[in-house]
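Data first, discussion second: the structure below is written as structure tokens.
Quick note: the coordinates plus some simple rules give every number you see, no bench work behind them. This is a predicted model, so every value here is computed, not measured. Virtual Cβ from ideal backbone geometry, glycine too; neighbours counted across all protein chains shown.
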Amino acid sequence: MITISPKRKKAPLPVAIFLSVLLILPILTACGGGSQNAAPPPPVNDSVGRNVNNPAPANQPQQAKKGLSTGQKIGITLVGAAALYYLYNQRKNAKAEGAQGKYYLSKNGRVYYRDAQGRPHWVSPPSEGIQVSESEAQQYRDFQGYNGRQTGRTLTDIAPQEAPAF
């Protein structure tokens, strides 16, 4: 049989409170709303009011192009999907942050970069297009916007399936 000694004293109240606080403190700090663990703010759409897939105005008549002129062989203009894919390829391995930093291809076929706060910003192709050399432009010849063409592949055809769809 176990006997309890009558000389045993209880812990003083301040020591009991101190030990209780020490046990509860890690739980309370883990539940705090720290900004490091917060999800990044929603994406910013910098292309509002612009048609990303078809940047040419609808009222412009389409001219049939039979071949490349001498001037076009030196520099081919990429617009639309071809220009976006070109920008993505140029900056997909960049080390900087922001608009001049690394570009990503989303699951929905859009190109974006992240700012210093981690917010994604959609990238729109320049309306005037991008002039590139003929040799550099060849890998984009199947895309919409290659040399002003309205038909061809879009970025949704090559978008990775594991990337977030912002």
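Of the set (1) in a loop (DSSP other than H, G, I, E, B); (2) touching a residue at least 12 places away in the same chain (Cβ under 8 Å), all apply to Tyr112 but (1). Scanning segment 83-133 for residues that are of a type in the set (Val, Ile, Thr) and closer than 17 Å to Ala159 by Cβ returns Val111, Val123. Of all the residues in segment 70-102, those that are surrounded by fewer than 21 Cβ atoms within 10 Å (Cβ to Cβ) and not in a helix (DSSP H, G or I) number 10.
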